[in-house]
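Here's the structure, in structure tokens; my notes come after.
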Amino acid sequence: MCIPEISIEDYSYELPADRIAQYPLARRDESKLICSIGGTIREDSFRNIAGYIPKASMMVFNNTRVIRARLIFQKASGSHVEIFCLEPAEPVREFNLAFQWTGPVTWKCLIGNAKRWKNGKLEIRCSVSGSYVSMYAEKKKDLGDGTFSVEFTWEPSIIPFGEVLEGVGHIPLPPYITREDDVNDILRYQTIYAENEGSVAAPTAGLHFTEAILDQLRIRKVKLEQVTLHVGLGTFKPVSVPELSRHVMHEEQITVKADTIRQLLHHLSNPVIAVGTTSVRTLESLYWLGVKLYHFPECDLFDIDQWEPYGRPTEELISSADALNGLLAMMEKNGQSEIVANTRLLIVPGYIFRIITGMVTNFHQPRSTLLLLIAAFLEKSWKEVYTYALSKDFRFLSYGDSCLFINDQSA
């Protein structure tokens, strides 16, 4: 394994606070669009994006659904403690099962004002699906990485945990949106195709799409497919160390159906365009899962390390088609209709993309792993794109404007 030597300072830029979008536009498709296709930069409206997508392309969307992960408790003293639910820990770790659970559950959480909560239970009372509910939180263990395990119980316990969260929780807007969430965020901080609950942040590239745009893409014979990556805080965590080799990516769960992998195989000779960096990482993780399976056929631990692609000898690599075919063969042998895995894949300059040839994405924070991914795809021209956007009054980050990048082969 050879970890790339990258200084994060080379991937920084000045982002004025007034360029960070605090609210979504009135209509999803009103955002501006910057296109870099075959190296040529142009500006348009997002509502026209279908005209830039080559016919017979495949577009892949992340259908994860944002959960109301912020829980605000008030202590008897009047002080507030905020608990941010990150991922289920006990008795199950799979998101769908955790949301259906009707007994005590333990989650990995961030805690605001943790020092003010030494011990004891905190309580929230509210109405959930017409029933009066009391929810309790008890801090169990400091996990040592800035997170804690927290046990949640509620009465009546017959109500699934997911419904309790929907009733008591708040939309987890990112910290650079410096306002409280409101009723509009419940709809707008969610893609129109969101389906599988589990994310603590939206796959924001998808926020711009409307049914009308999806219909335009279908008319152009663009194949639309979905994957699931439950977005964790690690995806958006800025790199706080000077050398990237010391940055630790958090693990995120991905799910991909066998039919989607078959469609990828069919479209490998055509443009494959990922909607969002989470979709990029999911699709590229499929390749590395296929490589791992090729070399370790009996391996049942499906996870991808952040440095998995780097420093591998050429003779260890296989074609994208072989990687995907290997996954399908394994799934057929095991009677699986979908593959569930964990990934910490970190895509940085020097990475060779194995599946995608284009992406739709928003603008990303300086010094972030997401900006590194963009730089890996655009190489040095990422600075030109971002400089253009800043000079043309584009709106940045989650509720900001959009980009379409397609490489030379598919232009």
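Run through all the Cα pairs of the stretch 168-210 and give the fraction in each 10 Å bin from 0, expressed as whole percent.
Pairs per bin, as whole percents: 25, 60, 15.
Helices from the chain with mean Kyte-Doolittle at least 0.0 and a Cα length along the axis of 24 Å or more, per DSSP H: which?
277-295
For residue 322 and residue 379 in one chain, what is 0.36 nm times their gap in residues minus the Cα-Cα distance, to one decimal in nm?
Computed gain between residue 322 and residue 379 is 17.8 nm.
Taking every alpha carbon pair in the stretch 70-170, what does the distance histogram look like in 5 angstrom bins from 0, in percent?
For the stretch 70-170, the binned pair fractions read 3, 13, 26, 26, 19, 10, 2, 0 percent.
Please compute the alpha carbon radius of gyration of the stretch 304-348, then divide it by the globular-protein estimate 2.2 N^0.38 Å. Two decimals is fine.
1.36
Apply 1/(1 + (r/R0)^6) to the Cβ-Cβ distance of residue 166 and residue 2, taking R0 = 60 Å, and write down the FRET efficiency to the nearest 0.05.
Efficiency for this residue pair is about 0.85.
When the helices in the chain are scored as -39500 (n - 2.57) per DSSP H run of 4 or longer and the sum is shared across all residues, what 222 nm value do you end up with, to the nearest 500 deg cm²/dmol?
Value at 222 nm, helices only, nearest 500: -7000 deg cm²/dmol.
Please quote Rg/Rh for the chain to two decimal places, taking the Kirkwood radius as Rh and restricting both calculations to Cα atoms.
Reported Rg/Rh, Kirkwood definition of Rh: 0.96.
With label points built 7 Å along Cα→Cβ from the Cα atoms of residue 352 and residue 338, find their separation and express it in nm.
3.2 nm
On a full-extension model of 0.36 nm per residue, what is the gain between residue 157 and residue 218, subtracting their alpha-carbon distance, rounded to one decimal in nm?
The span from residue 157 to residue 218 would gain 17.5 nm if fully extended.
Within the P(r) computed for the stretch 9-148, what percentage of the Cα pairs occupies the region above 25 Å?
Roughly 55 percent, once rounded to a whole number.
Give, in nm to one decimal, the length gained when the segment between residue 74 and residue 183 is fully stretched (0.36 nm per residue of separation minus the Cα-Cα distance).
37.1 nm
Of the residues 370, 187, 71, which exhibits the maximal mean-square fluctuation in a Gaussian network model of the chain defined by a 10 Å Cα contact cut-off?
187
Just so you know, all these numbers are worked out from the coordinates, no wet-lab data involved. Worth saying up front: this structure is predicted, and the values here are computed from it rather than measured. Here Cβ is always computed from backbone atoms with ideal geometry, including for glycine, and neighbour counts include all displayed protein chains.
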